[in-house]
Structure formats: structure tokens, C-alpha cells
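Asks: This is the structure I have questions about; it appears just below.
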Amino acid sequence: MLDESLFSHQRQRLTAQVPVISMTPSSGETVHEMATAILARAPARFALAGVSMGGIVALEIWRQTRDRVSHLALISTTPLPDHPQRRLIRDAQVARALNGELHDVLIESMKPLYLGRRARSDRKLLDRILHMGLTLGAEVFRRQSSALQSRPDSRDTLPSIDCPALVLCGGEDAICPLELHVDTSRRIPRADLVVLAECGHLPTLERPEAVSHHLQSLLERT
């Protein structure tokens, strides 16, 4: 439930070096369909970065057309399938969202978990995240929740990623904890692991300059 402005700092920083395109995974009912929709708009060859669900879709893009991906950054991303208990929670959230309670769902269930301790009192940032979710709306929330529920186990995909790769996370990520990123980076042959202090699940918003720096460093790898 985050739109292209999730990468606003990275677009400003990297545009001087490379053309930058941002896309929201909002078309389709599955991760496979969302990846296919993004590939239809993507250049013939590109470096790819995804945050959270965007990283899950990025792994599917790699499976579909790895020859088109020159570099890969997985930020705050899990390769694991959805937990059965989490699927039930998503069903309840979707029902509330479609019943006109998306505002409450976003506040109660998401914002407190998304940010590190320092950013949780940043009212401007909290309002920005809420605005993105409300703008995308309940139907996108339903589609994204459905796609996350049925997402594949991507652990077997990780060893096939042979391009320069970056696994980046916040040290205070409560949704995809540090040990998950450590395991992910170990499974990818050419992955660098970066852990940002005082940062939660949304590094591109919480530590934008650091993320832009590390993405730029990734692009400089051959």
C-alpha cells in the first residue's frame, strides 16, 4: 500500500546517473500477474529494486526473465511464503477495508509495525504513509493481500541470482527481521548485506540518503 513516492529520494539521487522508473505492484491477483504487468512496461534490460512486497515481486521478475535484470536489490523483503495465521489476519483486514474501514486498518495494523523507534513519532512521515495507502484504496489492498497470501516460497530461487545483488534492511524491522535478511544474503552468491541502524521496515523513507548511496554503489558493481 505504498506508491511510487516510496522511492522519491532515490529517483532524485540516481536520475543523474541512470534513467529511473518507479512502479507500484497493483495490477493482478497474484505475484506472478503483478510481475508480468511490470515487465510489460519495463525496459529491455534494467537494474531492479523492490521494497517489502516489491521485493517479493522482484524475485518473481527474476524467475520470469533473469536475462533482463542486470542488478538486484531486495529491501525489507522475505523469500518465505505467507504464514497460515497471517493469511487469516489478511482476510479479516480485507473484509474491514472493503467495508469502508481502510483508514483504521492502515493505522491500527500497519503503521505501528512499519517504522523504527525513531520514526514512529514523525507525524509528517506517518501521514505520508497513510496518504499513500488511502490513495491506492481498498481494491488495491484486496489485490495485494491476495497476492501475498498465495505468494510462492522463493528460497530455492535465491541461489540462482548470479547478478550483483544487495540485501538491505533496517536493524529494527519488526516485519522482516534481521535474521531473515542474513539468511537471504547467504543464499545469494554475489549479495552484499547492509543493515541500517535506527531503521524499521521502510528504509527508503526512514533512511533515504543511506539507501540511495547503497543503490548507487550497487549500480557501480560489474
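The values are calculated or read from the model by the stated rules, or taken from the named source; none is laboratory data. Since this is a predicted model, take the numbers as computed values, not measurements. Neighbour counts are summed over all protein chains in view; Cβ atoms, including those assigned to glycine, are modelled from backbone coordinates with ideal geometry.
Asks: So how many residues does the stretch 202-218 have that are touching a Pro at 6+ places or on another chain (Cβ under 9 Å) and either among the basic types (Lys, Arg) or buried (at least 23 other Cβ atoms within 10 Å of the Cβ) (or both)?
Replies: 1
Asks: Okay, next question. Might you check whether a residue that is surrounded by fewer than 21 Cβ atoms within 10 Å (Cβ to Cβ) and in a helix (DSSP H, G or I) occurs anywhere in the stretch 40-57?
Replies: Filtering the stretch 40-57 down to residues surrounded by fewer than 21 Cβ atoms within 10 Å (Cβ to Cβ) leaves 40-47.
With the extra rule that they be in a helix (DSSP H, G or I), the set shrinks to 40-41.
For the stretch 40-57, residues surrounded by fewer than 21 Cβ atoms within 10 Å (Cβ to Cβ) and in a helix (DSSP H, G or I): present.
Asks: Can I ask one more? Give the stretch 163-177 a look and list any residue that's in a loop (DSSP other than H, G, I, E, B) and either under 18 Å from Ala49 (Cα atoms) or touching a residue at least 60 places away in the same chain (Cβ under 8 Å) (or both), or say none.
Replies: Residues of the stretch 163-177 that are in a loop (DSSP other than H, G, I, E, B), as a first pass: 163-164, 171-177.
Passing the criteria: Cys163, Pro164, Asp173, Ala174, Ile175, Cys176.
Asks: Which numbered condition trips up Ala119, out of (1) closer than 24 Å to Met23 by Cα; (2) among the aliphatic types (A, V, I, L, M); (3) in contact with an Asp or Glu (Cβ under 6 Å, 6 or more places away or on another chain)?
Replies: The number of the failed condition is (1).
Asks: Pull up the stretch 181-197, narrow it to residues that are in contact with a strand residue (DSSP E or B) (Cβ under 8 Å, 6 or more places away or on another chain) and assigned to a helix (DSSP H, G or I), then point me to the one that is surrounded by the fewest Cβ atoms within 10 Å (Cβ to Cβ).
Replies: Val182
Asks: Find the residue count for the stretch 156-180, including only residues that are of a type in the set (Gly, Ala, Ser) and crowded, with 16+ Cβ neighbours inside 10 Å. Before you say what the answer is, go through the steps one by one.
Replies: The initial filter retains those residues of the stretch 156-180 that are of a type in the set (Gly, Ala, Ser), namely 160, 165, 170-171, 174.
Right, trim to crowded, with 16+ Cβ neighbours inside 10 Å and you get 165, 170.
Within the stretch 156-180, residues that are of a type in the set (Gly, Ala, Ser) and crowded, with 16+ Cβ neighbours inside 10 Å number 2.
Asks: Let me ask you something else. Residue by residue through the stretch 2-19, note down the ones that are surrounded by fewer than 18 Cβ atoms within 10 Å (Cβ to Cβ) and part of a loop (DSSP other than H, G, I, E, B).
Replies: Once the filter is applied, which keeps residues that are surrounded by fewer than 18 Cβ atoms within 10 Å (Cβ to Cβ) and part of a loop (DSSP other than H, G, I, E, B), the stretch 2-19 yields Asp3, Thr15, Ala16, Gln17, Val18, Pro19.
Asks: Another question, then. In the stretch 71-114, which residue that is assigned to a helix (DSSP H, G or I) and among the small types (Gly, Ala, Ser) is nearest to the chain's Cα centre (by Cα)?
Replies: Filtering first and then ranking leaves Ser109.
Asks: Follow-up question, since we're still on this one. Mind checking whether some residue in the stretch 184-205 is of a type in the set (Lys, Arg), within 24 Å of Arg86 (Cβ to Cβ) and within 16 Å of the chain's Cα centre (by Cα)?
Replies: No: zero hits.
Asks: So, one more: Tally up the residues in the stretch 174-201 that are at pLDDT below 95 and touching a His at 6+ places or on another chain (Cβ under 6 Å), please.
Replies: 1
Asks: Please verify whether Arg128 is within 19 Å of the chain's Cα centre (by Cα) and farther than 29 Å from His32 by Cβ, treating the condition exactly as stated.
Replies: Here the answer is yes, as Arg128 does meet what is asked.
Asks: Would you check if there is a residue in the stretch 141-158 being touching a strand residue (DSSP E or B) at 6+ places or on another chain (Cβ under 9 Å) and aliphatic (A, V, I, L, M)? Spell out how you get there, then give the answer.
Replies: Step one: list which residues in the stretch 141-158 are touching a strand residue (DSSP E or B) at 6+ places or on another chain (Cβ under 9 Å), which gives 158.
From what's left, aliphatic (A, V, I, L, M): 158.
Yes, the stretch 141-158 contains at least one residue that is touching a strand residue (DSSP E or B) at 6+ places or on another chain (Cβ under 9 Å) and aliphatic (A, V, I, L, M).
Asks: State whether one or more residues within the stretch 115-136 are more than 21 Å from Arg207 (Cα to Cα), part of a helix (DSSP H, G or I) and either touching a helix residue (DSSP H, G or I) at 6+ places or on another chain (Cβ under 8 Å) or free of Cβ contacts under 8 Å to residues at least 40 places away in the same chain (or both). Full working, then the answer.
Replies: Step one: of the stretch 115-136, the residues more than 21 Å from Arg207 (Cα to Cα) are 134-136.
Next, only the ones that are part of a helix (DSSP H, G or I) stay: 134-136.
Adding the requirement that they be either touching a helix residue (DSSP H, G or I) at 6+ places or on another chain (Cβ under 8 Å) or free of Cβ contacts under 8 Å to residues at least 40 places away in the same chain (or both) leaves 134.
Looking through the stretch 115-136, at least one residue is more than 21 Å from Arg207 (Cα to Cα), part of a helix (DSSP H, G or I) and either touching a helix residue (DSSP H, G or I) at 6+ places or on another chain (Cβ under 8 Å) or free of Cβ contacts under 8 Å to residues at least 40 places away in the same chain (or both).
Asks: Now for a separate question. So how many residues does the stretch 196-214 have that are of a type in the set (A, V, I, L, M) and closer than 16 Å to Tyr114 by Cα? It would help to see each step written out before you state the result.
Replies: Our first condition is that a residue be of a type in the set (A, V, I, L, M); within the stretch 196-214, this holds for 196-197, 202, 205, 210-211.
In the following step, the residues that additionally are closer than 16 Å to Tyr114 by Cα were identified as 196-197, 202, 205.
Selection size over the stretch 196-214: 4.
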